[in-house]
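Q: Encoded as structure tokens, here's the structure I'll be asking about.
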Amino acid sequence: MAKKWNMIVDVEKCDNCRLCFLAVKDEYTGNDFAGYSAAQPSLGHSWLDIKRKERGTYPIVRANFLPVMCNHCDNPPCLQNAKNGAIKKREDGIVLIDPEKSKGQKQLVDSCPYGAISWNEEKEIPQAWTFDAHLLDEGWKKTRAEQACPMDVFRTIKVDDKEMQQIQAREGLEVLEPQLGTKPRIYYKNLHLITKCFVGGTITQNLGSVEECASQVDVILEKEGQTVGKTKTDIFGEFVFDGLEPNSGIYHLRAKSTSWQLTTEFNLGEESKYLGVLELQTK
Ligand code: SF4
């Protein structure tokens, strides 16, 4: 089975320093790579961009960052919308927009469901991140983004599809918008930090004259009688359960220590939820 390029992006590691964005800008702005891409204009294009997602409400708020780029789909809608063979899918998985054949084909910008294609007004061509194919074909093993990232967010790997499926299953990788059926070759680790919800709260106990944060308390989250997760409160009495499906309905929460306990329930809607301060009661 032929080996193909894939990129694994770990959302948890990205801190939005944008060095990857700058590396892509540096690689393509003003530089033509014959057979691969025409120069990127200095303004207006972000072939690799970073999206920001904030979840939760004070005092438990999470901000995470999602690097996005052309997904080099195995079933690319852009290719289906290209005339004159302007987009090709290489045997190694890389999707390339021909800078000459694509001239005037502005419809390709809207054909990408990920918004990964930008329109070069001056040259009248659609453009997207090429997976740095000109570098990989020269023998480079890492893309510019991977070389530039100090947080090890990106991992470029060339493996056959069966091995990639095994890696996906083993590492819990996901792709963007899988329901579109585009079969991206960009895989995300910890994508739940963008797509899923968390529920959090602060547990206290009343010690007579003082209300104290209750640390190291066992907290159990249940749904329809099944345990969804278990955790312990931190030194501030806070707990978080992440990776919950938005709009997933009613959950039950139990917390207990040697001689204290509490139970509550909540309805999880579209957004992450802070349950507030929950006070333990004596058993
Ligand atoms: Fe085409 Fe968009 Fe898929 Fe890239 S992400 S291959 S531009 S459909």
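Q: Can you pull out every residue in region 261-283 that is of a type in the set (D, E) and either outside any strand (DSSP E or B) or more than 17 Å from C197 (Cβ to Cβ) (or both)?
A: Passing the criteria: E270, E271, E279.
Q: Then there is this: Can you find even one residue in region 207-221 that is within 30 Å of W5 (Cβ to Cβ) and touching a residue at least 60 places away in the same chain (Cβ under 8 Å)?
A: No: region 207-221 contains no residue that is within 30 Å of W5 (Cβ to Cβ) and touching a residue at least 60 places away in the same chain (Cβ under 8 Å).
Q: Report, by residue number, each residue of region 169-189 that is surrounded by fewer than 20 Cβ atoms within 10 Å (Cβ to Cβ) and touching a Gly at 6+ places or on another chain (Cβ under 9 Å).
A: K189
Here's the yes/no breakdown for (1) within 14 Å of the ligand (Cβ to nearest atom); (2) outside the structural domain of K142 (by TED's automatic domain parsing); (3) buried (at least 21 other Cβ atoms within 10 Å of the Cβ); (4) closer than 18 Å to Y188 by Cβ:
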{"site": "Y36", "(1), (2), (3), (4)": "no, no, no, no"}
{"site": "P67", "(1), (2), (3), (4)": "yes, no, yes, yes"}
{"site": "N81", "(1), (2), (3), (4)": "yes, no, no, no"}
{"site": "N84", "(1), (2), (3), (4)": "no, no, no, no"}
{"site": "E91", "(1), (2), (3), (4)": "no, no, no, no"}
{"site": "Q107", "(1), (2), (3), (4)": "yes, no, no, no"}
{"site": "S111", "(1), (2), (3), (4)": "yes, no, no, no"}
{"site": "I125", "(1), (2), (3), (4)": "yes, no, yes, no"}
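Q: Answer yes or no as to whether I60 is away from the ligand (no atom under 13 Å from the Cβ) and among the aliphatic types (A, V, I, L, M).
A: yes
Q: Further question: Just for region 69-79: of the residues that are more than 6 Å from the ligand (Cβ to nearest atom) and within 21 Å of the chain's Cα centre (by Cα), which one is surrounded by the most Cβ atoms within 10 Å (Cβ to Cβ)?
A: Across region 69-79, the extreme among qualifying residues is M69.
Q: Quickly run through region 127-147 and pick out the residues that are within 16 Å of the ligand (Cβ to nearest atom) and touching an Asp or Glu at 6+ places or on another chain (Cβ under 6 Å).
A: If the condition is that a residue be within 16 Å of the ligand (Cβ to nearest atom) and touching an Asp or Glu at 6+ places or on another chain (Cβ under 6 Å), then T143 is the only one that fits.
Q: Only one of S46, S42 is in the same structural domain as E121 (by TED's automatic domain parsing), touching a Phe, Trp or Tyr at 6+ places or on another chain (Cβ under 9 Å) and among the hydroxyl-bearing types (S, T, Y). Can you tell me which?
A: S46
Q: Applying the selection to region 119-138, what residues are part of a strand (DSSP E or B) and in contact with a helix residue (DSSP H, G or I) (Cβ under 7 Å, 6 or more places away or on another chain)? Quick ask: steps written out before the conclusion?
A: Residues of region 119-138 that are part of a strand (DSSP E or B), as a first pass: 119-120, 125-127.
Within region 119-138, W119, P126 meet the criteria.
Q: Return the residues of region 139-159 that are of a type outside the set (K, R), in a helix (DSSP H, G or I) and farther than 19 Å from P184 by Cα; say none if nothing qualifies.
A: Q147, A148
Q: If you take the residues of region 213-255 that are of a type in the set (G, A, S) and part of a strand (DSSP E or B), which of them is nearest to L268 (Cα to Cα)?
A: Out of the qualifying residues, it is G249.
Q: Under 6 Å between Cβ atoms, at least 6 apart or on separate chains: pull out the pairs that start in region 125-149 with a residue that is over 16 Å from S37 (Cβ atoms) and end on any residue that is of a type in the set (F, W, Y).
A: The qualifying pairs are E146/F154.
Q: Could you pull out the residue among K13, K51 that is in the same structural domain as E122 (by TED's automatic domain parsing), touching a Leu at 6+ places or on another chain (Cβ under 8 Å), basic (K, R) and closer than 27 Å to C149 by Cβ?
A: Values: K13 fails: touching a Leu at 6+ places or on another chain (Cβ under 8 Å).
Step by step, each of K13, K51 is checked, and only K51 is in the same structural domain as E122 (by TED's automatic domain parsing), touching a Leu at 6+ places or on another chain (Cβ under 8 Å), basic (K, R) and closer than 27 Å to C149 by Cβ.
Q: Next question. What number of residues within region 93-105 are within 14 Å of the ligand (Cβ to nearest atom) and surrounded by fewer than 18 Cβ atoms within 10 Å (Cβ to Cβ)?
A: Qualifying residue count for the region: 0.
The values are calculated or read from the model by the stated rules, or taken from the named source; none is laboratory data. Note that the structure is predicted; figures quoted are calculated from it, not measured. We place every Cβ from the backbone using ideal geometry, glycine too, and count neighbours over all the protein chains shown.
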